[in-house]
Amino acid sequence: MRKLVYYIGVSLDGYIAGSGGEVDFYPTPQNYVEWMMTEFPDAIPTHLRAHFGMDPDLPAKNWDTVLMGRGTYVLPDEHVESPFSHLKQYVISSTLDQADHPGVEIVSGDPLELVRELKQREGGDIWLCGGGKLAGQLLDEIDAMIIKSYPIVAGEGVPVFTGVFKPTQFVPVQRKEFDNGTQVTWFDRA
C-alpha cells in the first residue's frame, strides 16, 4: 500500500514558513542543496530543475503524487500553475476553481477521503508538501515524516501542524546532520 509522507522544512520554533509564506530565510548551504537534489529530486519544483542543472523530465524517485493546501500552492509573491508537473498534483481547496488551474487537480471535498482512495491505487508514495492546516487534517493518515530541521527561529508563521489536540507518536528511524546545524530526520508512525 502507498504511504503518505510529510516531507517538510521546519524552524526551531515549529514553523514551515513565515506568515507571508516565506521560506527563503532557511539556511541552505551548497552541500545540503546538492544532497537534496540527489536524495529528494521530486521535491525540486519542475520550473527550477534546469536552474539547478537537473533534467526537468527526471523520473520520480520518492513519490509520484503530491498533495498541497491552497496556501502552499498559491504563494503570495510567486505563483506557478504546475509547480511539480513531474508528479500527479492535487490541491486541496474550497475556494479555487478547477477551470482556472488546469495544471493541477483541485479537490474541494474531504482530504481524508482523497488520501484513503489514493493509498488504494497503484503507484509510488504520496508526498504531503504542506501546509500545516492540511497536515493537521491528515494526521491520522500520515505514515511517515521527513523533517528538515533548520537552526533558525522564525518568530511566527505557518505551524508545521494546526488542528485539534491529538498526541500522535512517531519514532525516529534515521538522521542526517549537516555542518551548518541543519538536520534531516526520518520518522515512522509508532
Inset, instruction - May I ask for the distance between the Cα centers of segment 30-109 and segment 125-161, given as a whole number of Å? - result: 16
Inset, instruction - Determine which residues of segment 161-175 fall in the zone a paramagnetic label at residue 183 would reach in this model, i.e. backbone nitrogen under 14 Å from the point 7 Å along Cα→Cβ. - result: 171-175
Legend entry - Translational diffusion coefficient (Stokes-Einstein; Kirkwood radius from C-alpha pairs) of segment 1-52 at 25 °C, 0.890 mPa s, in µm²/s: 189
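Work out the FRET efficiency for residue 79 and residue 19 from their Cβ-Cβ distance, taking R0 = 25 Å, and round it to the nearest 0.05. Provide the component values of the computation, followed by the final result.
Numbers: r = 18 Å, r/R0 = 0.72.
Computed FRET efficiency for residue 79 and residue 19: 0.90.
Given the pairs 61/148; 133/166; 61/119; 119/148, which span a C-alpha to C-alpha distance of over 21 angstrom in this model?
Too far apart for the 21 Å limit: 119/148.
Relative to the compact globular guide of 2.2 N^0.38 Å, what is the alpha carbon radius of gyration of segment 1-90, as a ratio?
On the way: Rg = 13.5 Å, N = 90, 2.2 N^0.38 = 12.2 Å.
Its radius of gyration relative to the 2.2 N^0.38 Å reference: 1.11.
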Legend entry - FRET efficiency, 1/(1 + (r/R0)^6) with R0 35 Å, evaluated for residue 98 and residue 164 via beta carbons: 0.75
Inset, instruction - Grab the eigenvalues of the alpha-carbon gyration tensor for the chain, scale each by 5, take roots, and send me the semi-axes largest first in whole angstrom. - result: 23, 20, 18
Inset, instruction - Hand me the GluC sites (Glu not before Pro) from segment 63-128 located in a DSSP loop with no more than 11 other Cβ atoms within 10 Å, in residue order please. - result: 78, 122
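Semi-axes, largest first, in whole Å: what does sqrt of 5 times each Cα gyration tensor eigenvalue give for segment 94-146? Kindly include the intermediate steps, with their values, before the conclusion.
Details: eigenvalues 82, 41, 24 Å².
The equivalent ellipsoid of segment 94-146 has semi-axes of 20, 14, 11 Å.
Express the relative contact order of the chain as a whole percentage, based on alpha carbon pairs under 8 Å and six or more residues apart in sequence. Intermediate results must be reported in sequence, preceding the final value.
On the way: 369 pairs, mean separation 63.6, N = 190.
Rounded, it is 33 percent for the chain.
Read-outs: derived from the displayed coordinates by stated rules, not from any lab. All values derive from a computational prediction rather than experimental measurement. Here the Cβ is made from the backbone with ideal geometry for all residues, glycine too, and neighbour counts use every protein chain on show.
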